[in-house]
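One structure is given below, encoded as structure tokens.
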Amino acid sequence: MSSIDEPLYPIAVLIDELKNEDIQLRLNSIRRLSTIARALGEERTRKELIPFLSENNDDDDEVLLAMTEELGMFIPYVGGVEHARVLLPPLEGLCSVEETCVREKAVESLCRIGSQMKELDLVESFIPLVKRLAAGEWFTARVSSCGLFHIAYPSAPEPLKNELRTIYSQLCQDDMPMVRRAAATNLGKFAATVEQSHLKTDIMSMFETLTQDGMVFSLYQDSVRLLAVEDCAALGKLLEPKDCVAQILSVIVNFAQDKSWRVRYMVANQLYELCEAVGPEATRTDLVPAYVRLLRDNEAEVRIAAAGKVTKFCRILSPELAIQHILPCVKELSSDSSQHVRSALASVIMGMAPILGKDATIEQLLPIFLSLLKDEFPDVRLNIISKLDQVNQVIGIDLLSQSLLPAIVELAEDRHWRVRLAIIEYIPLLASQLGVGFFDDKLGALCMQWLKDKVYSIRDAAANNVKRLSEEFGPTWAMEHIIPQVLDMINDPHYLYRMTILHAISLLAPVMGSEITCSKLLPVIIAASKDRVPNIKFNVAKVLQSVIPIVEQSVVENTIRPCLVELSEDPDVDVRFFANQALQATK
């Protein structure tokens, strides 16, 4: 239907389309609800469209999800916040459907509407809706209700607030684990709206209930305790430091020794946030031993999560404590049987260097770096390489070059191309720190070698690498050490390598400037236009187009244009296309 007819789109047609067997037709109709509402006007939308949607019993989840999303943004179409309450009935029904994503979107839409509603409407319409859902016979309604309390509570009068806290406490003890999970998930948001006096009593009582969930039945019933770990951090930020230590700390320590590895994993993952909640003193006395246990856990997944937080955790401690308690575990993890544990450690261990200082890094960390650089698993080596600059800032370039450079040179020829790629990307930084003399001796040959790698990504990165090195050390250095070697490769028998050199030339030309481009680079490009391979010739056309802005107009007319004219008459269609494209740029 055309846009001219859209405002006249009748509700009768909407009804027909929503009853149509074709799901796509029903979906399209739902997605045009805002258009229909504008056509009907605010009053008819409230009296006809919304009631119809409340009674709509579509059983397709995709249609229901689209309707839920639309209703969340429908306040302007029903007459503003004064009439927002009319949107609650259809969303209330959607909060009870079986499909989780529909329920979650319904809760999200209700929260968006509730946060804009007037206080009186919240008390008269929104809070009764929350209470009805919380008392729902089917568990889906009770699950949805948990996500609405933080919107309903602040506007409620005191008697209603007491009732809402009581209802939430009952949801925390619900027979259905799914309801208790929802209560645990939303406890932090609800707690943030509750008064400090009730926080220490009612909320902490609910929290204690959730932390014990499943313990008496089976260690497999851990899903609620998992979510309670996140509540530790959320509640810790709301409580006074002394209350936090008294009520949260023991829970964290117990969770760190939980029978379920998934709970221990969650503690390891959330540990930094938990440390912030209980403060530095409690961290040093109680959480350091708990963290050491997690680093030595029987389950590899727990060790992975704990290893990934080792640098953040050490920042909270003094260097002495980190060396005494954490470093022995780090040494053990560097030779862990799980490659994923070693990889997680390698991704963060470099950050420990600034924390421990120069002496401890040289004595304790450097041997660990070297062992991880020689790890058989490529991801471990990759993670170490990508963070080398953090170590350089602490121990200095001289020691870095003596201890780590031999390992870096070895990795430059690693059998895994991603490792070689990481080394290439690190080279310009290393070059700037080593200085030109050291670079020429140790790393110069490697940069040329990569231009002939078997993997395209390596060759492409190598071409960018010579450009960045030329920028770092200047055109004079590049003329002596880069340009001659690059230009020699243009005659390589393999056409892919010749293409790489053309790419390198196009990158080097802006760095080298007009004079060197005209005297050294341009003749090589023109000669390559006679190549027998069409791919080379159309790349010549591309490179010539890229150098036009660099050289003078006379060079364009006398050298570049004649070459492009010749290429534009080539038998190959692609060569002609790119040559003509480049010719347009010469005008």
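Quick notes
- Helix 100-114 and the longest principal axis of the C-alpha atoms of the chain enclose an angle of approximately 70°.
- The C-alpha radius of gyration of the stretch 406-557, expressed as a fraction of 2.2 N^0.38 Å, stands at 1.04.
- Label point 7 Å beyond Cα of residue 374 along Cβ direction - residues of the stretch 307-333 with amide nitrogen under 17 Å: 331-332
- Efficiency of FRET between residue 489 and residue 259 - r from beta-carbon atoms, R0 51 angstrom, step 0.05: 0.20
- Average accessible area per residue (Å²) across the chain - probe 1.4 Å, nucleic acids and ligands excluded: 45
- In a reduced charge model with +1 at each Lys and Arg Cβ and -1 at each Asp and Glu Cβ, the chain shows a dipole moment near 1080 debye about its Cα centre.
- Sulfur and carbon atoms: percent of accessible area, the chain [1.4 Å]: 50
- Stretch gain in nm, segment residue 331-residue 455, where the contour uses 0.36 nm per residue and the Cα spacing is subtracted: 41.1 nm
- Estimated from helical segments only, the mean residue ellipticity of the chain at 222 nm is -18500 deg cm²/dmol, where each DSSP H run of four or more residues counts as -39500 (n - 2.57).
- Compactness of the stretch 285-365, expressed as Rg and Dmax over alpha-carbon positions, Å: 11.6, 33
- Taking each residue as 0.36 nm, the span from residue 44 to residue 409 lengthens on full extension beyond its C-alpha to C-alpha distance by 123.9 nm.
- When you restrict to C-alpha pairs under 8 Å that are six or more residues apart and normalise by the size of the chain, the relative contact order lands at 5 percent.
- Here r is the Cβ-Cβ distance between residue 586 and residue 205 and R0 is 60 Å; the resulting FRET efficiency, rounded to 0.05, is 0.15.
- Full-stretch length increase - residue 132, residue 480 - with 0.36 nm per residue and alpha-carbon distance subtracted: 117.2 nm
- Cross-link table 47/131; 520/587; 467/537; 331/387, entries beyond 20 Å C-alpha to C-alpha: 47/131; 520/587; 467/537
The values are calculated or read from the model by the stated rules, or taken from the named source; none is laboratory data. None of these values were measured; they are calculated from a predicted model. No Cβ is skipped: glycine too gets one built from the backbone with ideal geometry, and neighbour counts run over all protein chains shown. Heads up: the accessible areas ignore ligands, DNA and RNA and are worked out on the full protein's heavy atoms, side chains in. Shrake-Rupley method; radii C 1.70, N 1.55, O 1.52, S 1.80 Å.
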